[in-house]
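Working notes, structure below.
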Ligand SMILES: Cc1cc2nc3c(=O)[nH]c(=O)nc-3n(C[C@H](O)[C@H](O)[C@H](O)COP(=O)(O)OP(=O)(O)OC[C@H]3O[C@@H](n4cnc5c(N)ncnc54)[C@H](O)[C@@H]3O)c2cc1C
């Protein structure tokens, strides 16, 4: 491993001893591996040299962005090198003619959003954790709140520069809008969680920043009524940007965590919407339509969020839900996605499992696209009891989601922690093809081994 210092030429960026534990885990810190080296790369050439060295010496490599994933995907499960790309953090170009930005993989989502918005442009993918890197977002096909209207990260990737396991540099895609030229290698790389190649550059699509954005809060007596309303909102031709649902009990935790007070405290659940567009009149018309839909769906009220302080309160509490749950108890995050017309049935089933097992589950998430986030709460259970009960609960809810035509993960990825549920649901033929692709791109199985589709 000492040769890595010669390859990089800067000993301060190659750590071979006392590697900080943060770099050997994910953002939850429960699953851990033991790396033999941690390298902070700064250029594609350095990545190329390291992959060549790793390939010649059969050393596993775990690529890493900001390490905000929740599924163990940055755990160096087989040891080897952790390749930290967070230092490759330059925005190389913002091109208003082709409406694209060219970035290094370590650029933070919040930085890209800020820089393009200064020019009146907009990068729509908006997962909750803004300090994640664009490389990490692409590698997990990150989603977020605005997916209802704008789609997910995949829809914004035009081109990638990728270093393959043997050190070859591959370019896929271009700045063009269209591409019917052969198999889409770009789309294979997106969402591959560092198992197929190391992304060293990306060209992403931008749009014009919407001129007006308005938030609306719909309180409901309970979650069931709120979730049933979502389909009518989606069908109502009001083109929402985000449609989020939250149960009151999660809001209470968020209030306790932030010291803020959520509006309309007497509801059992809330739907939070945003509408954006070019002019206020158009949005007003859509708000009036929404008012009719809300009445028909038994909303207790409809609050158009105009006061900046209320807007900030609503989104601050919505943004800190996972942290406010974690402040109380260990939890297992779940981001199952079901067809949107099955969300209510799925959440009703979750409540049934809560009653049956006594394990409390808090639900919130992206109601507009069927992506249900659950925090499965440990409480004060012993290690043994928690292991036993959580396995039962997980098995039940993943089985149910698959039965309803859903998927193991809508946006967080599979990593290590959801692998068993993914492998159980995936068809043999799909797994065989995934493994053949892995074999073709990484024949020695060096890139992020033991993740996603591997036993
Ligand atoms: C509070 C909180 C809220 C969150 N909310 C959301 C949400 O709303 N939606 C959502 O989608 N996610 C969410 N996440 C999860 C997380 O932020 C995303 O998965 C994010 O995309 C990970 O980016 P990262 O830079 O932290 O990547 P990392 O965690 O460092 O890595 C994630 C995966 O990508 C691979 N990888 C990273 N960079 C590269 C690269 N350059 N080349 C190849 N592989 C690479 C890694 O090997 C790993 O498999 C949330 C996380 C937290 C903590």
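The values are calculated or read from the model by the stated rules, or taken from the named source; none is laboratory data. This is a predicted model, so every value here is computed, not measured. Cβ placement follows ideal geometry from the backbone for every residue including glycine, while neighbour counts extend to all protein chains displayed.
Just a few scattered comments:
- Failed item, numbered, when residue 285 is tested on (1) without any contact (Cβ under 8 Å) to a residue 60 or more places away in the chain; (2) outside the structural domain of residue 155 (by TED's automatic domain parsing); (3) within 29 Å of residue 107 (Cα to Cα): (3)
- Yes/no for residue 347 being closer than 24 Å to residue 30 by Cα and in contact (Cβ under 8 Å) with a residue 60 or more places away in the chain: no
- Among the conditions (1) within 12 Å of the ligand (Cβ to nearest atom); (2) buried (at least 21 other Cβ atoms within 10 Å of the Cβ); (3) under 22 Å from residue 43 (Cβ atoms), the only one that residue 69 does not satisfy is (3).
- Enumeration of residues in the range 12-35 that are buried (at least 17 other Cβ atoms within 10 Å of the Cβ) and either more than 19 Å from residue 72 (Cα to Cα) or more than 13 Å from the ligand (Cβ to nearest atom) (or both): 13, 14, 15
- Filtered by the rule that a residue be at pLDDT 90 or above and either in contact with a helix residue (DSSP H, G or I) (Cβ under 6 Å, 6 or more places away or on another chain) or within 14 Å of the ligand (Cβ to nearest atom) (or both), the range 325-340 gives 331, 332, 333, 334, 335, 336, 337, 338.
- Residue check, residue 95 over 22 Å from residue 164 (Cβ atoms), surrounded by fewer than 22 Cβ atoms within 10 Å (Cβ to Cβ) and more than 28 Å from the chain's Cα centre (by Cα): no
- Residue 387 falls short on exactly one of the conditions (1) touching a strand residue (DSSP E or B) at 6+ places or on another chain (Cβ under 6 Å); (2) free of Cβ contacts under 8 Å to residues at least 24 places away in the same chain, and that condition is (1).
- Qualifying residue in the range 125-139 (condition: touching a strand residue (DSSP E or B) at 6+ places or on another chain (Cβ under 9 Å) and at positive phi): no
- Within the range 303-319, the set of residues being surrounded by fewer than 19 Cβ atoms within 10 Å (Cβ to Cβ) and under 26 Å from residue 346 (Cβ atoms) comprises 315, 319.
- Note on the range 423-455: among residues that are touching a residue at least 60 places away in the same chain (Cβ under 8 Å) and part of a helix (DSSP H, G or I), the one that is farthest from the ligand (Cβ to nearest atom) is 437.
Residue by residue, here is whether (1) within 12 Å of the ligand (Cβ to nearest atom); (2) in contact with a helix residue (DSSP H, G or I) (Cβ under 7 Å, 6 or more places away or on another chain); (3) modelled with pLDDT under 95 holds:
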position	(1), (2), (3)
62	yes, no, no
65	yes, yes, no
90	no, no, no
105	yes, yes, no
117	no, no, no
128	yes, yes, yes
132	yes, yes, no
136	yes, no, no
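- For the range 263-282, a residue qualifies if it is over 24 Å from residue 143 (Cβ atoms) and crowded, with 20+ Cβ neighbours inside 10 Å, and exactly one does: 267.
- Strands (runs of 3 or more DSSP E) (entirely within the range 149-222) containing at least 3 residues that are within 12 Å of the ligand (Cβ to nearest atom) and farther than 30 Å from residue 285 by Cβ: 157-163, 198-205
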